[in-house]
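*Asks:* Please see the structure below; I have some questions.
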Amino acid sequence: MAVDCESPEEQQRLFAALSAEGTVFMPLDDYGFGPCGWVGDHFGLTW
């Protein structure tokens with residue numbers, strides 16, 4: 001699943017909420033195609 005955010009602040013807030021009690025696979029960063037991250041939430045879904 002993916003989430004398209006309106007601002008960097010929204011992206012940071014959602015990333016923090018989804019990663020709470022979950023797993024961060026890729027921290028928020030610019031990987032050459034814009035800022036993104038990869039997280040598994042506490043239900044096991046990856047975003």
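*Asks:* Scan (1) assigned to a loop (DSSP other than H, G, I, E, B); (2) surrounded by fewer than 13 Cβ atoms within 10 Å (Cβ to Cβ); (3) on the phi < 0 side of the Ramachandran plot; (4) of a type outside the set (A, V, I, L, M) for the single condition Glu9 breaks and write down its number.
*Replies:* (1)
*Asks:* So, in segment 1-27, of the ones that are among the hydrophobic types (A, V, I, L, M, F, W, C) and touching a residue at least 24 places away in the same chain (Cβ under 8 Å), which residue ends up nearest to His42 (Cα to Cα)?
*Replies:* Here the residue is Leu18.
*Asks:* Evaluate the following for Met1: is it in a loop (DSSP other than H, G, I, E, B) and in contact with a strand residue (DSSP E or B) (Cβ under 8 Å, 6 or more places away or on another chain)?
*Replies:* yes
*Asks:* May I pose another question? I need a count of the residues in segment 20-44 that are out of contact with any Phe, Trp or Tyr (no Cβ under 9 Å at 6 or more places or on another chain) and either open to solvent by 80 Å² or more (accessible area, probe 1.4 Å) or of a type outside the set (A, V, I, L, M) (or both).
*Replies:* 13
The values are calculated or read from the model by the stated rules, or taken from the named source; none is laboratory data. All figures in this text were calculated on a predicted structure; none of them were measured in a lab. Ideal geometry is used to build each Cβ from the backbone, glycine not excepted, and the neighbour counts take in all protein chains shown. Only protein heavy atoms, including side chains, enter the accessible area calculation; ligands, DNA and RNA are left aside. Shrake-Rupley method; radii C 1.70, N 1.55, O 1.52, S 1.80 Å.
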